[in-house]
Amino acid sequence: MYRKLSKKDRIKKDLYTLLMMGISAFVYSIAITSFSNIGGIYPGGFAGISRIVSDISLRFFKLDIPFGVIYFILNIFPTILVFRYIGKRFTIFSVIQYILVSVITIFLPPFLILDDPMLIAIFGGLLSGVGIGIALHYNASSGGTDFIAIYVANKFNRSTWNYVMLGNVLILSIAGLIFGWEKALYSIVYQFVSTQVVERMHERYKMETLTIITKKPQDVADSVLEGTRHGITEIKGEGFYSHSDMTILYMVINSFQRRQVIKAVLKADPKAFVNIQETTMIIGNYYQQPLD
């Protein structure tokens, strides 16, 4: 049956997650300082709001408020929300990630990589999406609207990144009204690329159906259930060509568990046949592994 991580394995996992949060923050900070800021492009979410507030304060009030300071302040309320309703570990690593972004963007000097605004929008959005995607892949986030997206996704068990994109278009439209539409349109390209990368990398709320044909159903089921808590349905069958008895194991998993489950299946039965299909919707009882 399902085995929890030992204390030693948990420490190793947490240290590795901490390392990945550092990489995530650094990649995201480069996207902000060397693409978004240099290109005059506004990112989406709280990063975009922070840039807008910082630029408004400088242009109209002559106050130079660092992006990192505003970004940190905006994240306080969403942090309380996810700490209460999502999980402590998820919140702690997310806070580490956005604090690192706040600090790195203050001290990291911007360096010119590209000077074409469209290339800045595309590759800046790519880096931004990778930075966010790394955090999400390791059960954390970059804070801000990601917190809200995760909260809603966790409540309704479905991906929400396309809705986040719509909200970001509204934020960027405000930037367009104040600072000009050309930069706003490039900003929308930047955010579209970023959202697509995040949608591809974040597989927590994507589901897949596994159909496993094996002669060792008990061994396969035991191996799979060591690492997951999903139910498995057993169906008796017969090989049409060989006329030998077969068993069909049917189960639904989250996409990020695919590699782990396949490894467990082949460990128990190297000759097992596995068919993987994308699942768009399920109705009924389904175990969603909680964020801790």
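Every number in this text was worked out from the coordinates using simple rules, so none of it is lab data. Since this is a predicted model, take the numbers as computed values, not measurements. Virtual Cβ from ideal backbone geometry, glycine too; neighbours counted across all protein chains shown.
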> Which chymotrypsin sites (Phe, Trp or Tyr not before Pro) in the stretch 1-94 pass both tests, a DSSP loop state and at most 15 other beta-carbon atoms within 10 Å?
Replying inline: TYR2
> Once Lys and Arg get +1 and Asp and Glu get -1 on their Cβ, which of SER34, LEU166, GLY180 lies farthest toward the positive end of the dipole of the stretch 7-201?
Replying inline: LEU166
>> Restricting to Cα pairs below 8 Å that are 6+ residues apart, what does the relative contact order work out to for the chain? Please round to a whole percent.
In response: 22
> For MET246, which sequence-distant residues (separation of 5 or more, or a different chain) have an amide H within less than 5 Å of its own amide H, given hydrogens modelled in the peptide plane?
Replying inline: GLY237, GLU238, GLY239
> Which helices pass in the chain if a helix is a full DSSP H run, must span at least 24 angstrom along its long axis by Cα, and must have mean Kyte-Doolittle hydropathy not below 1.6?
Replying inline: 117-137, 161-179
> How big is the chain on each of its three principal axes, counting only the C-alpha atoms and giving the largest first in Å?
Replying inline: 80, 40, 34
> Roughly how many debye, to the nearest 20, is the charge dipole of the stretch 207-279 about its Cα centre, given +1 on each Lys and Arg Cβ, -1 on each Asp and Glu Cβ, and no other charges?
Replying inline: 220
> How large is the charge dipole for the chain, taken about the Cα centre, if only the Cβ atoms of Lys, Arg (+1) and Asp, Glu (-1) carry charge, to the nearest 20 debye?
Replying inline: 860
> Taking the Cα centre of each part, how many Å lie between the stretch 139-218 and the stretch 22-99?
Replying inline: 17
> Which residues does a label at PHE107 reach in the stretch 34-67, if reach means a backbone N under 16 Å from a point 7 Å past the Cα toward the Cβ?
Replying inline: 67
